[in-house]
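Step one of this worksheet: look at the structure below.
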Amino acid sequence: MGMTLVEKILAKASGRSVVEPGENIWVNVDLLMTHDVCGPGTIGVFKREFGADAKVWDPEKIVLIPDHYIFTADQRANRNVDILRDFAKEQSIKYFYDITDLSNFKANPDYKGVCHIALAQEGHTRPGEVLFGTDSHTCNAGAFGQFATGIGNTDAGFIMGTGKLLIKVPATMRFVLDGEMPPYLLAKDLILQIIGDISVAGATYRTMEFAGEAVERMTMEERMTLCNMVIEAGGKNGTIAPDETTFEYVRARTDKPFEAVYTDSDAKFYSEHHYDVSKLEPVVAKPHSPDNRATARECSDVKINRAYIGSCTGGKTEDFFHAAQVLKGHKVKVPTYIVPATQKVYEDLFKIKYQEQTLSEIFLEAGCIEPAAPSCAACLGGPKDTFGRMNEPEICVSTTNRNFPGRMGHKEAGIYLASPFTAAASALTGYVTDPREFL
């Protein structure tokens, strides 16, 4: 019997010809990523279990990315980055994207920003490989046809010492997205639609494989949005078969070899779900769960206090381009935060144009707050001086990925998850707004 894309990757990584869902297998790891929030804990586990003077299994297969709590005066947050720096030097870690001057992120040529987007932009996400990261949204990299998932500090510490991990092979749920994408829909609408259908526990410890003509026509950044949020359905990982779009993106960023694999025609799936995207409409996830779905127009009476466009899910270059399409020529009615995911995205805001204006010019003319330094910023709340953090019980429309109580700061704040189109449209009216009013 045939295997799915993920089963093939895990079979190869475990030195076997065949694996089946439910089997526990040892896999060889191609890349381990950790950041400033979980890195110190991971390093602590590694040193405790392997010895204070132990060496990591491969200093070229570990990526250290400070990104979460960076632009803050909080001494504990700053100390976390110091710990990463000391460890990178001690272990001769090749890929450490350091930041030392917090007053001017542009003065730090190595600093990238949000780990999941930086991994892709720096060529670390390659088809057929196994990537683990100490962050639940590591599944973002599944967009490149690889097995990528989040793990805890203990597992990461073990990988640091051995380059291996014992995992259970996940069963695969297949989501086939066919039809022509309407001009008012984005990948964020599709994944919120799916999570609303299957619930936040609907894919627990399973692979979510996305296929169909709508997916094949997507850019890499839109594919990343789909895979990024599988964890919000409880998924172990998400994946999309690599194609020329994938290869073009990867080869432009790395010359390392890779081997693409594909799901067999006779592969067995846990379940199959089919969508005609042409029949869908803009949706949001209401507080306080990513599966609390409603159409944007059903929430048109919800008054908001702010809009937030950023994060690994919603702070990529194309996300800002989409927001600019809506904001062009209009004025926002609520504070609107612009948080690029990486330095590269920040630079794009000042280079890429829509109707003869740069994205940054469009945002500033619309009355948005000046684009922030690239980081996770308020997506994970953070210290009280974090840019965009919700320190009051306000209502926000956000392109981020989670809306649990306290996720962006105040425990009584309400977060409506939405696409960049919907977030921008809502910023213009001061209410949750269907972007079709402006597109």
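The values are calculated or read from the model by the stated rules, or taken from the named source; none is laboratory data. If you're wondering where the values come from, they're calculated on a predicted model, not measured in any experiment. Cβ sites come from the backbone with ideal geometry, for glycine too, and all protein chains shown count toward neighbours. Only protein heavy atoms, including side chains, enter the accessible area calculation; ligands, DNA and RNA are left aside. Shrake-Rupley method; radii C 1.70, N 1.55, O 1.52, S 1.80 Å.
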Considering residues of region 17-43 that are out of contact with any strand residue (DSSP E or B) (no Cβ under 7 Å at 6 or more places or on another chain) and within 25 Å of residue 377 (Cβ to Cβ) only, the residue surrounded by the most Cβ atoms within 10 Å (Cβ to Cβ): 36
Could you check residue 188 against (1) of a type in the set (Lys, Arg); (2) open to solvent by less than 10 Å² (accessible area, probe 1.4 Å); (3) over 15 Å from the mean Cα position of the chain (by Cα) and say which number it fails? (3)
Would you confirm, using the coordinates I've provided, whether residue 165 is crowded, with 24+ Cβ neighbours inside 10 Å and among the hydrophobic types (A, V, I, L, M, F, W, C)? no
Taking region 168-184 and the residues there that are open to solvent by 60 Å² or more (accessible area, probe 1.4 Å) and touching a strand residue (DSSP E or B) at 6+ places or on another chain (Cβ under 6 Å), the one that is nearest to residue 129 (Cα to Cα) would be 168
With the first residue restricted to region 213-234 and required to be over 20 Å from residue 262 (Cβ atoms), and the second required to be at pLDDT below 95 and surrounded by fewer than 24 Cβ atoms within 10 Å (Cβ to Cβ), Cβ contacts under 6 Å at 6 or more apart or on different chains are none
Could you grab me the full set of residues in region 92-115 that are open to solvent by 10 Å² or more (accessible area, probe 1.4 Å), of a type outside the set (D, E, K, R) and not in a loop (DSSP other than H, G, I, E, B)? 95, 96, 105, 107
Which residue pairs have Cβ atoms under 7 Å apart, sit 6 or more places apart or on different chains, and have a first residue in region 269-287 that is touching a residue at least 60 places away in the same chain (Cβ under 8 Å) and of a type in the set (Phe, Trp, Tyr) and a second that is open to solvent by less than 40 Å² (accessible area, probe 1.4 Å) and in a helix (DSSP H, G or I)? none
If residue 210 satisfies all but one of (1) surrounded by 24 or more Cβ atoms within 10 Å (Cβ to Cβ); (2) closer than 24 Å to residue 287 by Cβ, what's the number of the condition it fails? (2)
From the option list 304, 309, 338, 240, single residue qualifying as open to solvent by less than 40 Å² (accessible area, probe 1.4 Å) and free of Cβ contacts under 8 Å to residues at least 60 places away in the same chain is 338
Selection from region 70-91 of residues touching a helix residue (DSSP H, G or I) at 6+ places or on another chain (Cβ under 9 Å), of a type in the set (S, T, N, Q) and open to solvent by 20 Å² or more (accessible area, probe 1.4 Å) yields 80
Quick one: how many residues across region 71-82 are touching a residue at least 40 places away in the same chain (Cβ under 8 Å), of a type outside the set (Gly, Ala, Ser) and more than 12 Å from residue 96 (Cβ to Cβ)? 4
Flagged pairs (Cβ under 9 angstrom, 6 or more apart or on separate chains; first in region 122-144, at positive phi and surrounded by fewer than 24 Cβ atoms within 10 Å (Cβ to Cβ); second part of a loop (DSSP other than H, G, I, E, B) and among the charged types (D, E, K, R)) are 123/253; 123/255; 123/256; 128/30; 128/259
Residue check: is residue 391 polar (S, T, N, Q), farther than 13 Å from residue 314 by Cα and surrounded by 23 or more Cβ atoms within 10 Å (Cβ to Cβ)? no
So how many residues does region 313-329 have that are open to solvent by 10 Å² or more (accessible area, probe 1.4 Å) and within 18 Å of the chain's Cα centre (by Cα)? 4
Single residue of 400, 433 found to be of a type in the set (S, T, N, Q), open to solvent by less than 10 Å² (accessible area, probe 1.4 Å) and farther than 25 Å from residue 67 by Cα: 433
Every residue in region 409-420 that is surrounded by 24 or more Cβ atoms within 10 Å (Cβ to Cβ) and over 18 Å from the mean Cα position of the chain (by Cα), please. 413
